[in-house]
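First the structure, in the form of structure tokens, and then the observations on it.
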Amino acid sequence: MKQEIKSELTRQLIIDKAFVLFYKNGFHAISVDRVMKETKLTKGAFYHHFKDKKELGLAVISNRIQSRVYDNMILPLLEVGDPFLILKTVFCERIKNFSIEEKQSGCPMSNLINEISDSEVAYQLALKKIIEEWKLALIQLLEKAKADNLIAREVSTSSVAVFLISAFEGVRGIRKLYNNDVVLEDYLLAVERYIDLLR
């Protein structure tokens, strides 16, 4: 049992270090050797847990990216409360609380989508699964609001979900180009107004 725990901790350490390196430097720029240098473990430890860098990339997506999106963007959508306040919390308040480093580095998921999703079907499917889960949670929130007569019946909840996700992910990528938050402020004004117009 002790050995199993140690083995899992080693695996998680490799995934954690890889996530940070991929986020800061890009997936293609980082080698297995570089990840292992950061962990201070042997290359044998890597191959005990992962077949290759592709398998490590999939583990980073399913273990780190998916949990970040679920905890920060999906779980709040499942809470009970005012749907407009929930939407503003997820798509506006969260972005206000990003550190300078997060603003300059963009979104880990979007970075991977832009860098690797077209090069490998397995990455594409893993990243798409996260987006689809996020979209479904949004649709469920919006459909409940529609059933409660808080949103007009003619509103396409799927279209709203795609727009909000795209706007959020897009502005995180665009913000990387700037040295200030003006583009984020414009995004916040537009998205808050858009959410209000759903009433």
Name the helices (complete DSSP H segments) of the chain with a Cα length along the long axis of 18 Å or more and a Kyte-Doolittle mean of at least 0.5, or state none. 157-175, 182-197
How far apart, in nm, are the 7 Å Cα→Cβ label points at VAL155 and LEU136? 2.2 nm
Have a look at LEU41, GLY106, ILE30 and report the one farthest towards the positive end of the charge dipole of segment 1-126, computed about the Cα centre with Cβ charges (Lys/Arg +1, Asp/Glu -1). LEU41
Alpha-carbon centroid distance for the pair segment 40-95 / segment 132-199, whole angstrom: 20 Å
Cross-link list LYS2/LYS54; LYS96/LYS135; LYS6/LYS54; LYS24/LYS135; LYS6/LYS53; LYS54/LYS128: which exceed 20 angstrom alpha carbon to alpha carbon? LYS2/LYS54; LYS96/LYS135; LYS6/LYS54; LYS24/LYS135; LYS6/LYS53
Could you give the length gained on full extension between LYS2 and LYS144, defined as 0.36 nm per residue of separation minus the Cα-Cα distance, in nm? 46.4 nm
What does the net charge come to around GLY44 if you take all other residues with beta carbon closer than 15 Å to its beta carbon, with K and R at +1 and D and E at -1? +4
Qualifying trypsin sites (Lys or Arg not before Pro) for segment 133-176 [loop in DSSP, other Cβ within 10 Å: at most 16]: ARG153, LYS176
Provide the gained length on full extension for the span ASN72 to VAL162, in nm with one decimal, where the gain is 0.36 nm per separating residue minus the Cα-Cα distance. 30.7 nm
In nm, spacing of pseudo-spin labels at ARG199 and HIS48 (7 Å Cα→C-beta vector): 5.9 nm
Just how large is the dipole of the chain about the Cα centre, in debye to the nearest 20, putting +1 at every Lys and Arg Cβ and -1 at every Asp and Glu Cβ? 660 debye
For GLU102 and SER31 in the same chain, what is the full-extension length gain: residue separation times 0.36 nm, less their Cα-Cα distance, in nm? 23.3 nm
Helix-derived [θ] at 222 nm for the chain: sum -39500 (n - 2.57) over DSSP H runs of at least 4, divide by residue count, nearest 500? -21000 deg cm²/dmol
Taking the Cα centre of each part, how many Å lie between segment 1-26 and segment 97-118? 20 Å
Convex hull around the C-alpha positions of the chain: the volume in Å³ per residue is 137 Å³
Which GluC sites (Glu not before Pro) in segment 95-129 sit in a loop by DSSP (not H, G, I, E or B) and have at most 14 other Cβ atoms within 10 Å of their own Cβ? GLU120
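Only the coordinates and a few stated rules stand behind these numbers; no lab work does. What you see is a predicted model; the values in this text were computed from it and never measured. Ideal geometry is used to build each Cβ from the backbone, glycine not excepted, and the neighbour counts take in all protein chains shown.
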